[in-house]
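Let me begin by presenting the structure, written as structure tokens, before commenting on it.
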Amino acid sequence: MAARRARAGMAWVFGLAACGGDPAATTDGATTSEATGSDTSTTTGGGPSTTAAPTTGSSPGTGSETGTTTAAATTDDTSEPTTETATTGDPGVELGPPVLRINVGGPAVGEFLADDGPESPYRASPDTQVFAADAVVAGPSVPADLPLEVLTTGRVEPDELAGGTGQLRYSVPVEPGTYQLRLHFSGPSQGPGTRLAQLWIDGATVGEPIDVSALTAGDASGSVTVEITADAWLDVELVRAPGSEMPLLSALELFGDGGLRDGPAGAVRHITPEGGGSGDSVDDAAGLGQLAALIAASAPGDEVWIHAGDYEAGGEIFISSGGTAEAPIVIRGVGADWHAPGRPWIVGTRQNPWTAEGAIGGTVFRLTAGADHLQFVNLGFADQGNGCWRVAQPIAGLRLDNIVATNVHRLLENFVGGDDTDASITGLVMKDVSVRGYARAVTRLQYETSEVLLEDVFGDSEAQPFEAFSTGVTLYEAAHHVTLRRAVMLNHQQVDVEGYWNADGFSTERDNHAIRFEDTYAAGNTDGGYDLKSTDTTLLRAVAVDNKRNFRLWGQIAMEQCVGLAPHKRGGSGTQAQVHGNPQGVFTVTDSRFVDDDPATIVFDLDDDAAGTVVGGCVEHHPDASYQTVEPAASLMLTDVADGC
């Protein structure tokens with residue numbers, strides 16, 4: 001299989017976008033106290049492996065083996081020089097035999113694999129959508145033998161993600177070696193610098209951002225070739241530069257003397273919807289309820305493949321064994337194999353459509369001591385309760401990668417079981433996760449949970465009601481050293497209650513520290529976009545839109561190049577504000593922008609003893625709006641803040 005596939009080629013193509021048995025039940029009782037954000041629950045019963053340093057710019061890969069690359073990027077030209085881009089090098093990179101080709105967003109064309117369905121064996125970005133180009137013009141850098149048909153389609157993020165993520169990722173199991181990666185981009189171009197894309201290979205940046213808008217000058221397609229050295233899992237990621245448009249990738253081709261791998265170095269065990277066997281082969285596949293036993297029988301580096309289909313969660317699955325930091329055990333959703341499209345769906349008993357009085361559903365996987373260094377990849381969940389995963393005792397090295405969930409109470413719950421007092425997670429990675437419809441959170445992380453990276457995580461509560469309010473990402477107790485990068489949290493709403501309406505996009509508590517937000521986005525929440533009580537907390541290019549208080553600051557917070565737009569109070573008590581300084585809050589805001597035209601908005605609203613410093617940036621507000629309200633014990637210093645943005 002590997003040899004046959006190695007003779008096939010692959011390309012990714014983007015065109016012009018047309019438009020920007022039942023689990024044991026749990027109960028979740030919570031106080032609506034804004035000061036504590038406490039949440040208690042009672043129950044019955046008990047990707048890729050690298051852990052990124054959460055405060056760096058690293059973007060971890062997705063395979064069960066880690067990879068490194070060296071790269072020299074060039075424009076590929078079969079005739080004349082191309083438009084110069086920020087990624088440069090010798091134009092004469094010699095191509096090896098084709099390994100893989102993919103028609104991004106389109107059907108199979110010749111040797112180009114189809115990528116027009118909801119699932120893909122290699123696409124690891126679950127929230128992209130297909131678009132079609134209005135017209136295709138091949139620029140001078142496009143190879144003459146490239147079928148123009150593959151330039152007519154592509155993928156782009158839906159509008160609701162455009163505020164924060166801007167990322168497209170493919171993960172390919174390859175033989176270690178040197179490869180040539182050829183990327184084909186489509187227009188339109190609004191001029192140089194308007195569409196910048198940073199290429200990441202196996203978790204490391206390659207060169208400077210590619211100026212796709214210059215490469216596609218004149219709205220023609222353009223191509224770039226990159227020489228790379230990859231280990232056993234090639235992770236290719238294009239991330240738009242902050243403030244620019246998504247790169248319109250039209251095709252991707254991989255060349256080299258290596259090929260695709262058909263399986264991991266370790267053993268593979270199999271689960272199917274009808275299975276009840278040993279799991280040693282697809283023909284003798286196990287059932288989902290046997291997963292814990294299959295993991296316990298696995299050695300570090302082995303994988304358990306859950307084949308595509310619908311699975312009823314027949315009760316909470318307790319997992320207490322795992323791999324090692326160097327060789328995690330991977331639980332991977334696959335089709336027929338990992339070169340075939342497909343995603344298994346684990347379906348529970350949560351009421352759908354959801355109502356606040358409905359059955360909450362149960363937990364799917366409970367992770368207890370020993371469940372270290374597990375990686376879950378390409379899984380889907382529907383109608384689940386308080387945790388598709390629940391971490392109930394301390395564990396290390398958990399990774400959730402390319403996960404999709406709909407109508408859940410929480411995706412990841414971090415809450416002790418029985419008489420235990422600690423369930424800290426050390427080294428958590430959540431990457432390319434999409435959750436739509438939940439009443440509590442995408443995740444709650446607490447105790448001494450640390451070394452956390454949440455990257456390209458999307459949550460839309462869809463305003464699901466509950467007896468307590470929802471928050472997209474909840475950091476609680478003493479969780480620390482957490483990075484949230486390109487996370488988007490939408491529509492957490494607590495309505496029709498007496499007094500204050502809570503529900504935030506992101507929240508932290510007093511004992512949380514060393515928290516970093518990068519290029520995150522919060523919108524449509526009935527309280528804060530960001531409600532932060534933590535110390536040593538940084539927001540870089542964070543965006544908040546359409547929240548009652550876009551930025552609600554209680555702790556020690558530094559904001560840089562952030563954006564607040566159109567605060568919106570939907571009901572309840574409290575003011576409508578861009579930046580709300582709360583008791584004990586000490587914050588600085590640098591080079592940030594706040595724009596609104598509602599006379600009810602307060603730009604800077606400081607209570608009690610809050611202290612704020614604002615340097616640079618700009619403010620644009622309605623002439624009847626309050627620029628600042630500062631209580632007697634509070635202070636606000638404004639320096640070089642422009643009037644108008």
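One table, with the values for the structure above:
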{"item": "GluC sites (Glu not before Pro) within segment 468-523, DSSP loop, no more than 10 other Cβ atoms inside 10 Å", "result": "498"}
{"item": "Pairs of Cα atoms farther than 19 Å apart, segment 195-350, %", "result": "65 percent"}
{"item": "Most to least packed among 103-110, 500-507, 578-585, 310-317 [average Cβ atoms within 10 Å]", "result": "500-507, 578-585, 103-110, 310-317"}
{"item": "Cβ charges +1 (Lys, Arg) and -1 (Asp, Glu), total dipole of the chain, debye", "result": "540 debye"}
{"item": "Solvent-accessible area of residue 149 with every protein chain in place, 1.4 Å probe, in Å² to the nearest 10", "result": "100 Å²"}
{"item": "Under 16 Å from the Cα of residue 569 - lysines, other chains or at least 8 residues apart", "result": "548"}
{"item": "Additional length obtainable on full extension of the chain from residue 352 to residue 590, 0.36 nm per residue less Cα span", "result": "81.2 nm"}
{"item": "Spacing of the two label points (7 Å from each Cα toward its C-beta) at residue 178 and residue 627, in nm", "result": "6.2 nm"}
{"item": "Segment 348-446 - Rg over Rh from alpha carbon coordinates, Kirkwood radius", "result": "0.97"}
{"item": "Equivalent ellipsoid semi-axes - Cα gyration tensor, segment 409-566, angstrom", "result": "21, 19, 15"}
{"item": "Carbon/sulfur fraction of accessible area - the chain, other protein chains in place, 1.4 Å, %", "result": "51 percent"}
{"item": "For the chain: rounded, prolate or oblate by the Cα gyration tensor [a/c cutoff 1.5]", "result": "oblate"}
{"item": "Helix-derived mean residue ellipticity, 222 nm - over the chain, DSSP H n ≥ 4, -39500 (n - 2.57), to 500", "result": "-500 deg cm²/dmol"}
{"item": "Hydrodynamic radius by Kirkwood, which averages 1/r over all alpha carbon pairs of segment 464-535, in angstrom", "result": "12.5 Å"}
{"item": "Rounded if a/c under 1.5, otherwise prolate or oblate - segment 523-645, Cα gyration tensor axes", "result": "rounded"}
{"item": "94, 160, 448, ranked by accessible area, largest first (probe 1.4 Å)", "result": "94, 448, 160"}
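The values are calculated or read from the model by the stated rules, or taken from the named source; none is laboratory data. Note that this is a predicted model, so its numbers are computed, not measured. All Cβ positions, glycine included, derive from the backbone under ideal geometry; neighbour counts span all protein chains shown. SASA here: full protein model, heavy atoms, side chains in, ligands and nucleic acids out. Shrake-Rupley method; radii C 1.70, N 1.55, O 1.52, S 1.80 Å.
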